[in-house]
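Structure record follows, encoded as structure tokens.
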Amino acid sequence: MENNDVLKTGTTTVGIACKDGIVLAADKRATAGNMIVDKRAEKVHILSDEFAVTIAGIVSDAQLLIKLTKAELKLKEMKTGKSASAKEAANLIGGLLYNNIRRMSMMPGIAHFLLGGRDSEGVHLYDLYPDGSVTRVIDYVSSGSGSVFAYGVLETQYKQDITTAEAVKLAVRAVNTALQRDSASGNGIDVIVVTEKEIKRVMHKEIEVSLL
């Protein structure tokens, strides 16, 4: 497989901050160059009882960083007897991303995470960019090749007092819009909701496209 055909989550991911939680959503297509190699890719991952992320970018990098993050979060809990805060988890992933993109490699490591978390201070949404930057998001964010289409929906339909129930529908609408226009996004939608009480997967929908 050539470098330009590396397995990517071509991707549309969405994160929405609500008055009662966080909604994370993503499509299910992974590509290598112009080829669709996985129609059931998991791009919304539950890291622990407190945190969930969406992924975009190079699949191998994202998968490795998820494993490292899970291990570090568990290690901190074992050492301190308490879970990491959302800010600590965001900074942890940000540090891993910073090191990932700057290491010497024949293939640049690029991964983009959206983090939804809950801690003693409430629920939080972070944009964790491939360069390692950490940004707290107070409304909505999208990543991936289809994000420009998702933003078109979010910009016009998001409202500050949105509920998670309303945001799930908005997230699905935003991702579905990208599915119609972005060839690297497709094949289904996963949605996870983060509230002060729990993290729950509320949608796992596959879409089969038949070419006649």
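Pairs needed: first member in the stretch 45-59, on the phi > 0 side of the Ramachandran plot; second member anywhere, hydrophobic (A, V, I, L, M, F, W, C) and assigned to a loop (DSSP other than H, G, I, E, B); C-beta distance under 8 Å; at least 6 residues apart or different chains. Pairs found: GLY57/ILE110.
Quick grid of which residues meet (1) buried (at least 21 other Cβ atoms within 10 Å of the Cβ); (2) charged (D, E, K, R):
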| position | (1), (2) |
| --- | --- |
| LYS74 | no, yes |
| GLU77 | no, yes |
| LEU97 | yes, no |
| GLN160 | no, no |
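Pull up the stretch 164-212, narrow it to residues that are of a type in the set (S, T, N, Q), surrounded by 14 or more Cβ atoms within 10 Å (Cβ to Cβ) and not in a helix (DSSP H, G or I), then point me to the one that is modelled with the highest pLDDT. So the residue we want is THR195. Any chance the stretch 18-31 includes a residue that's at pLDDT 95 or above, at negative phi and surrounded by fewer than 23 Cβ atoms within 10 Å (Cβ to Cβ)? For the stretch 18-31, residues at pLDDT 95 or above, at negative phi and surrounded by fewer than 23 Cβ atoms within 10 Å (Cβ to Cβ): present.
Candidates are the residues of the stretch 32-60 that are touching a Leu at 6+ places or on another chain (Cβ under 9 Å) and among the acidic types (Asp, Glu); the one that is modelled with the highest pLDDT is GLU50.
The values are calculated or read from the model by the stated rules, or taken from the named source; none is laboratory data. These numbers come from a predicted model, not from an experiment. Backbone-built Cβ (ideal geometry, glycine too); neighbour counts: all protein chains shown.
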